[in-house]
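Structure first, commentary second.
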Amino acid sequence: QLQLVESGGGLVQPGGSLKLSCAASGFSLDTYVIGWYRQAPGKEREGVSCISSGGTNTDYLDSVKGRFTISKDIAKNTVYLQLNSLNPEDTGVYSCAAGRGWGLSRCPRAVEYWGKGVLVTVSS
């Protein structure tokens, strides 16, 4: 069964941190571009970060630069997103996606697998 499963979401206070995981099963993600997306209540889904298959190249949404860090552990077949200095505007459902191609507004350019997502709530 081919799956991407996210974990690590939850409720956190403003200024706090979370680490999200995206674990692949049924396929190896070491040849895929992996992106993180989020969707806030009542808003469209937006790309947050992206990492190349080799893990060398990364990209971030401007509003999260300096606060979020994407990384990859090939041995564990898992991609991570470290979220620091969280604010209420970061609240939403975070999903990971595996695919091919690198786009400025859409990464991966062509998605092959989507995770179901995890909820991140930033509130005091």
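The values are calculated or read from the model by the stated rules, or taken from the named source; none is laboratory data. No experiment lies behind these values; they were computed from the predicted model shown. For neighbour counting, all protein chains shown are included, and Cβ atoms are generated from backbone atoms with ideal geometry for every residue, glycine included. Ligands, DNA and RNA are stripped out before the accessible areas are found, and what is left, the full protein with its side chains, is counted by its heavy atoms. Shrake-Rupley method; radii C 1.70, N 1.55, O 1.52, S 1.80 Å.
Remarks
- Residue within region 72-94 that is farther than 14 Å from LEU18 by Cβ, touching a Gly at 6+ places or on another chain (Cβ under 9 Å) and of a type in the set (Gly, Ala, Ser) present: no
- Within region 7-39, the set of residues being under 13 Å from the mean Cα position of the chain (by Cα), of a type outside the set (A, V, I, L, M) and closer than 15 Å to GLU89 by Cβ comprises ARG38, GLN39.
- Selection of region 1-20 for residues being open to solvent by 30 Å² or more (accessible area, probe 1.4 Å) and part of a loop (DSSP other than H, G, I, E, B) yields GLN1, LEU2, GLY8, GLY9, GLN13, PRO14, GLY15, SER17.
- Among the residues of region 21-62, those that are surrounded by 13 or more Cβ atoms within 10 Å (Cβ to Cβ) and among the polar types (S, T, N, Q) comprise SER21, GLN39, SER49, SER52, SER53, THR58.
- Flag if THR121 is open to solvent by less than 70 Å² (accessible area, probe 1.4 Å) and hydroxyl-bearing (Ser, Thr, Tyr): yes
- In region 7-41, the residues that are among the aromatic types (Phe, Trp, Tyr) and touching a Ser or Thr at 6+ places or on another chain (Cβ under 9 Å): TYR32, TRP36, TYR37
- Considered as a group, the residues in region 83-112 that are loosely packed, with under 15 Cβ neighbours inside 10 Å and within 22 Å of PRO41 (Cα to Cα) include one that is modelled with the lowest pLDDT, and that residue is SER105.
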